[in-house]
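Enquirer: Mind having a look at this structure? Questions to follow.
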Amino acid sequence: VYRGSVKDFPGFNASQDAEALYNAMKGFGSDKEAILDLITSRSNKQRVEICQAYKSLYGKDLIADLKYELTGKFERLIVSLMRPPAYSDAKEIKDAIGGIGTDEKCLIEILASRTNQEIHELVAAYKDAYERDLEADIVGDTSGHFKKMLVVLLQGTREEDDVVSEDLVEQDAKDLLEAGELKWGTDEAQFIYILGRRSKQHLRLVFDEYLKISGKPIERSIRGELSGDFEKLMLAVVKCIRSTAEYFAERLYKAMKGLGTRDNTLIRIMVSRSEIDMLDIREVFRTKYEKSLYNMIKEDTSGEYKKALLKLCGGDDDAAGEFFPEAAQVAYRMWELSAVAKVELRGTVQPAGSFNDDGDAQVLRKAMKGLGTDEGAIIDVVTQRSNAQRQQIIKAYKAHYGRDLMADLKSELSGSLAKLILGLMLTPAQYDAKQLRKAVEGAGTDESVLIEIMATRNNREIAAINEAYQQAYHKRLEDDLSSDTSGHFKRILVSLALGNRDEGPENLTQAHEDAKKLADVSSNDSSDSLETRFLSILCTRSYPHLRRVFQEFIKMTNHDVEHAIRKRMSGDVRDAFVAIVRSVKNKPAFFADKLYKSMKGAGTDERTLTRIMISRSEIDLLNIRGEFIDLFDKSLHHMIEKDTSGDYRKALLALCGGED
């Protein structure tokens, strides 16, 4: 099936087109609209024929004339369309390595994404156009492992058979694990050999197997083991093997998001994929970024340049009926993968090995006695013990000194550090109960805290919170939540506070029914509002079951369930349902996102930062760190370091554990 957006023009006549272009450029000023209309509605093969016809009719070079008549980005785009794909690639690479400095990103994008045949054609085109050897030029311009991998890719010898040997898959996955994670130092040659030579089909299975045996995606290991341009190249290779369309969708998104547009990248991708997989790229784009590629180009560019890009894009996937079912398939596959990966949850704080509660109590007393306080000593003890050990220290302190450790810490420490250390000394349930109490007490309610805690805790944790709440405040949590909130939001919280979620596996028939209930906007049965239907499913079903429901939902509606919630609800109700959905999909990613938002931009939301670092430190903070670097391309450690200071920072970094 052809998945490009630009097709052969029916009833094509090269001489007629050549004449039309000649007339559009004749005289004073050129008819840019006519030029762009004609060129974007012909296939590359046809454009090449127009060039030949133009030369025979007028004895002139069409590309040279276009360059003379047009300017700027629009000129680059149109001229790029006139060259055969291999010559376009050759020109891009020539520009990337010619001149001062090398545009590594361009080299990476082209060499990581092209098929064997495209690579062979590129090498030949380069030789023909510049009378130079591409490999020699690249070798002269790059170095190290980055250079070696580029040379391997330039051979265009990736295996292409679809027959996959189970044994070799297991062997390759093991070899990659041993070359990186399990080795002191990294065996880059092994990465280069396997990722540079094996077939796509084979490598996809290797990546699945790698996840199984190492508990993490290969991308995360590459980020940890490799660095610089070599790391970027290997990540691009992995992305293209998983899905070339997704790789390009991401490159396009990054080229347009934020300030300024990277026009070179935008032009290169729109031109090079217009006759290969533009439809696939549009689908992935729509699913991943919840807006159409068409709309993003429209918002981000202007003039004739914009018109030409939109014609290469083809349709607008936000228009009714334009959203392809295949997009749903991509989202669906992402779900499948997340369901299979049995990721082991790991905190960063482990119980101390040679633990002596009385010894620790003495260290803490000494740190607080007399003039001044030794914050460093307090941080070392508290952050390096598990919560259960901290409870023992409190008892030992009282037995040894007849004093209340919490009261002493409170009087000796202040500010953010005090909140962090005191929070760590409470049991997890006491800490959550206290945060909830603070959120409902006094004037105004902090709904975001209620949502964050209630939407992410499991039955066992909720039961413990209820008990701790009753003990500390002599009131039922449910009553306080009820008297402080209202409407559907109140009902969601009350339901979650029961800690009564199903814990069984998925039930397929039921999942289908549930998805239908969520998807059925126009149900005539008005007795149940939309919110009630969502509540009865999202607050009661088990996580594995909900994952299946979300998958079925995509199948039925071509939308992700989160997209539907955002579109159809608002305020706290929307936020609560979105939090539940994200928690079901990937809880560590949910917390990584909250941590990132607490630090990015001006000012730091220390309350959120403290709360999450305390409450996740023994549950899944290691996983959160992994998701953080995958999502934001920087480590949590680095961000805390940049964004906080003094003893507070020291304590947070101790909880965070290593630098990723």
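Enquirer: What number of residues within region 9-50 are of a type in the set (A, V, I, L, M, F, W, C), closer than 18 Å to residue 80 by Cα and touching a Lys or Arg at 6+ places or on another chain (Cβ under 9 Å)?
Expert: 5
Enquirer: Can I ask one more? Would you point out the residue of region 410-436, among those that are open to solvent by 50 Å² or more (accessible area, probe 1.4 Å) and outside any loop (DSSP other than H, G, I, E, B), that is nearest to residue 374 (Cα to Cα)?
Expert: Residues of region 410-436 that are open to solvent by 50 Å² or more (accessible area, probe 1.4 Å), as a first pass: 410-412, 414, 419, 428, 430, 434.
Okay, now just the ones that are also outside any loop (DSSP other than H, G, I, E, B), so 410-412, 419, 428, 430, 434.
Details: 410: 14, 411: 13, 412: 10, 419: 17, 428: 26, 430: 26, 434: 27 Å.
Here the residue is 412.
Enquirer: Checking residue 186 against (1) assigned by the TED database to the domain that holds residue 236; (2) closer than 19 Å to residue 237 by Cα; (3) open to solvent by 80 Å² or more (accessible area, probe 1.4 Å); (4) not in a helix (DSSP H, G or I), which test does it fail?
Expert: Single failed check for residue 186: (3).
Enquirer: Please work out which residue is farthest from the chain's Cα centre (by Cα), limiting yourself to region 370-409 and to residues that are surrounded by 16 or more Cβ atoms within 10 Å (Cβ to Cβ) and part of a loop (DSSP other than H, G, I, E, B).
Expert: 373
Enquirer: Can we say residue 655 is over 11 Å from residue 596 (Cα atoms), at pLDDT 95 or above and outside any loop (DSSP other than H, G, I, E, B)?
Expert: Details: over 11 Å from residue 596 (Cα atoms): yes; at pLDDT 95 or above: yes; outside any loop (DSSP other than H, G, I, E, B): yes.
The answer is yes for residue 655.
Enquirer: Name every residue in region 544-570 that is under 16 Å from residue 509 (Cβ atoms) and at pLDDT below 85, in order of residue number.
Expert: Hits for region 544-570 are 555, 556.
Enquirer: Cβ-Cβ under 7 Å, sequence separation 6+ or interchain: first residue in region 381-408 and without any contact (Cβ under 8 Å) to a residue 24 or more places away in the chain, partner among the basic types (Lys, Arg) and open to solvent by 20 Å² or more (accessible area, probe 1.4 Å). Which pairs?
Expert: 404/398
Enquirer: State whether the residues of region 89-98 include one that is within 30 Å of residue 198 (Cβ to Cβ), of a type in the set (Gly, Ala, Ser) and not in a helix (DSSP H, G or I).
Expert: No, every residue in region 89-98 fails to be within 30 Å of residue 198 (Cβ to Cβ), of a type in the set (Gly, Ala, Ser) and not in a helix (DSSP H, G or I).
Enquirer: Checking residue 603 against (1) without any contact (Cβ under 8 Å) to a residue 12 or more places away in the chain; (2) over 25 Å from residue 583 (Cα atoms); (3) open to solvent by 70 Å² or more (accessible area, probe 1.4 Å), which test does it fail?
Expert: (3)
Enquirer: I need the full set of residues from region 437-470 which are without any contact (Cβ under 8 Å) to a residue 24 or more places away in the chain, crowded, with 16+ Cβ neighbours inside 10 Å and not in a helix (DSSP H, G or I), in order please.
Expert: 446
Enquirer: In addition: In region 609-633, which residues are assigned to a helix (DSSP H, G or I), polar (S, T, N, Q) and either more than 15 Å from residue 644 (Cβ to Cβ) or free of Cβ contacts under 8 Å to residues at least 60 places away in the same chain (or both)? Reasoning before the result, please.
Expert: First, pick out the residues of region 609-633 that are assigned to a helix (DSSP H, G or I): 609-616, 621-632.
From what is left, the residues that are polar (S, T, N, Q) are 610, 615, 623.
Across region 609-633, the qualifying residues are 615, 623.
Enquirer: I'd like the residue in region 606-636 that is in contact with a Gly (Cβ under 7 Å, 6 or more places away or on another chain) and open to solvent by 30 Å² or more (accessible area, probe 1.4 Å) and, out of all such residues, is farthest from residue 351 (Cα to Cα).
Expert: 622
Enquirer: Just to be sure before I move on: is residue 581 in contact with an Asp or Glu (Cβ under 8 Å, 6 or more places away or on another chain), open to solvent by 10 Å² or more (accessible area, probe 1.4 Å), among the aliphatic types (A, V, I, L, M) and at pLDDT 90 or above in the structure I sent?
Expert: Working: in contact with an Asp or Glu (Cβ under 8 Å, 6 or more places away or on another chain): yes; open to solvent by 10 Å² or more (accessible area, probe 1.4 Å): no; among the aliphatic types (A, V, I, L, M): yes; at pLDDT 90 or above: yes.
Against the criterion (in contact with an Asp or Glu (Cβ under 8 Å, 6 or more places away or on another chain), open to solvent by 10 Å² or more (accessible area, probe 1.4 Å), among the aliphatic types (A, V, I, L, M) and at pLDDT 90 or above), residue 581 does not qualify.
Enquirer: Can you name the condition, by its number, that residue 555 falls short on among (1) in a helix (DSSP H, G or I); (2) of a type outside the set (Ser, Thr, Tyr); (3) closer than 19 Å to residue 454 by Cα?
Expert: (3)
Enquirer: Consider residue 649 carefully, then state whether it is free of Cβ contacts under 8 Å to residues at least 12 places away in the same chain and either over 23 Å from residue 344 (Cα atoms) or surrounded by 17 or more Cβ atoms within 10 Å (Cβ to Cβ) (or both). First the steps, then the outcome.
Expert: Numbers: free of Cβ contacts under 8 Å to residues at least 12 places away in the same chain: yes; either over 23 Å from residue 344 (Cα atoms) or surrounded by 17 or more Cβ atoms within 10 Å (Cβ to Cβ) (or both): yes.
For residue 649, the condition - free of Cβ contacts under 8 Å to residues at least 12 places away in the same chain and either over 23 Å from residue 344 (Cα atoms) or surrounded by 17 or more Cβ atoms within 10 Å (Cβ to Cβ) (or both) - is met.
Enquirer: Sticking with this one: Whether any residue in region 311-326 is at pLDDT 95 or above and open to solvent by 40 Å² or more (accessible area, probe 1.4 Å) is what I want to check.
Expert: Taking every residue of region 311-326 in turn, at least one turns out to be at pLDDT 95 or above and open to solvent by 40 Å² or more (accessible area, probe 1.4 Å).
Enquirer: Sticking with this one: In this structure, does residue 55 turn out to be in contact with a helix residue (DSSP H, G or I) (Cβ under 9 Å, 6 or more places away or on another chain) and without any contact (Cβ under 8 Å) to a residue 12 or more places away in the chain? Can you show your working first?
Expert: On the way: in contact with a helix residue (DSSP H, G or I) (Cβ under 9 Å, 6 or more places away or on another chain): yes; without any contact (Cβ under 8 Å) to a residue 12 or more places away in the chain: yes.
Against the criterion (in contact with a helix residue (DSSP H, G or I) (Cβ under 9 Å, 6 or more places away or on another chain) and without any contact (Cβ under 8 Å) to a residue 12 or more places away in the chain), residue 55 qualifies.
Enquirer: Select from region 189-218 the residues that are within 27 Å of residue 346 (Cβ to Cβ), assigned to a helix (DSSP H, G or I) and open to solvent by 30 Å² or more (accessible area, probe 1.4 Å) and list them in ascending order.
Expert: 190, 204, 205, 208, 209, 211, 212, 213, 214, listed by residue number.
The values are calculated or read from the model by the stated rules, or taken from the named source; none is laboratory data. In this text, all values refer to a predicted model and were calculated from it rather than measured experimentally. Neighbour counts run over all protein chains shown; Cβ positions are idealised from the backbone, glycine included. We work out accessible area using only protein heavy atoms, side chains counted, and drop any ligands, DNA or RNA first. Shrake-Rupley method; radii C 1.70, N 1.55, O 1.52, S 1.80 Å.
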